[in-house]
1. Could you give log10 I(q)/I(0) at q = 0.11, 0.22 Å⁻¹ for region 198-302, computed by the Debye formula over C-alpha point scatterers of equal weight, without solvent?
2. First measure r as the distance between the Cβ atoms of residue 293 and residue 79, then evaluate 1/(1 + (r/R0)^6) with R0 = 30 Å and state the FRET efficiency to the nearest 0.05.
3. Okay, helix-only estimate at 222 nm for the chain: each DSSP H run of n ≥ 4 adds -39500 (n - 2.57), divide by all residues, round to 500 deg cm²/dmol; what do you get?
4. I'd like to know which of 44, 168, 15 lies farthest towards the positive end of the charge dipole of the chain, counting +1 on Cβ of Lys and Arg and -1 on Cβ of Asp and Glu.
5. Within region 155-230, which trypsin sites (Lys or Arg not before Pro) sit in a loop by DSSP and count at most 12 neighbouring Cβ atoms inside 10 Å?
6. Using the alpha-carbon centroid of each, what span in Å lies between region 213-284 and region 144-207?
7. With 10 angstrom as the radius, rank 87, 295 by how many other C-beta atoms surround their C-beta, starting from the fewest.
8. Kindly put 21, 167, 260, 254 in sequence by how many other C-beta atoms sit within 10 Å of each C-beta, fewest to most.
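Rule-based calculations on the coordinates, nothing more; no lab input. No experiment lies behind these values; they were computed from the predicted model shown. Virtual Cβ from ideal backbone geometry, glycine too; neighbours counted across all protein chains shown.
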Amino acid sequence: MEALPETGFLNYHHLRYFWTVAKEGSLKRASEKLRVSQPSMCTQIKLLEASLGETLFRPSGRSLELTEFGQLIHGYAEEIFTLGGEILRATKQAPGVRALRLHVGIVDSFPKLMSYDILRPVLDHQPPVQLTCHEGKLADLVSQLNTHRIDVVLSDEPASPGIAGRVFNHLLGTSEITFCAMPGLAKKLKGRFPRNLDGAPALLPTQNCSLRRDLEKWFGSAGVQPRVVAEFEDAALTKIVATSGHGFIAVPTVVASEAVERYGFVPIGRTNEIVSRFYAITAERRFTHPAILAITEKLRPARKKKTPKA
């Protein structure tokens, strides 16, 4: 492809042509939809490729297929034009009925029951808030936070200076740890806690999770060595696998009763020597979003309460 001079800025007309071709799968269908000739559309996409410095499409039979770089750009284009549509819809609404939006990033290892409990005020908020949740690794979510694609990140560990730009860690609360198992497995784990965990099958977080590191340290100090059956980054998947009785799990005590009720687990022990911490990570030192303020207002009384000991 002949090199074309860089424009120095992104031409959104070119981006819309690219986005439409990606959605329709061919130049013909896209040109019919936008009422633009195929040669003209092809030229505009080539100009976009030249300004970006990489190819966006490759031929696939009679259709066009996105390259890996094209898939990345398509993701951004999807967000841009979705937001553009929302702007147009918002201008047609009265100011008092325009919905707030809240984009929340949730780290894989963050307990899903805790996520729901924290976000419940958002779902009940008046005026209504449109909630969008994104799940992923802490570094990726913080990166999106820095580019304002996410408003807040829920994490079970603070963002360290090594992965963060200018972000702020806000402690939402703490919790002890309760160990749970399905009734059949719980009956087999005889003896006093924590000796009943020695040699017992365990479903644990992966090594890169702060809870796993705390558990390993606590197992060593308690003189027990569970048999690790599987490791998970996703806390929700851990609970689902545990319902089959493959091993015991460790959950924050603040959500243990809900886990027992929802999944049928039986508590087999609790320790206050491991403390899980839950953070809201933002790009601002102070909360300003009304929905985030509602979350912290609800959690304020809970932070004052001490978790009862066994």
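1. -0.44, -1.25
2. On the way: r = 25 Å, r/R0 = 0.84.
Efficiency, from the Cβ-Cβ distance: 0.75.
3. The per-residue figure over the chain is -13500 deg cm²/dmol.
4. 168
5. Here the trypsin sites (Lys or Arg not before Pro) that fit, given the DSSP loop and packing criteria, are 166, 190, 192.
6. What the calculation gives is 6 Å, centre to centre.
7. On the way: 87 9, 295 23.
If I rank by nearby Cβ atoms, fewest first, I get 87, 295.
8. Ascending number of Cβ neighbours within 10 Å: 260, 167, 254, 21.
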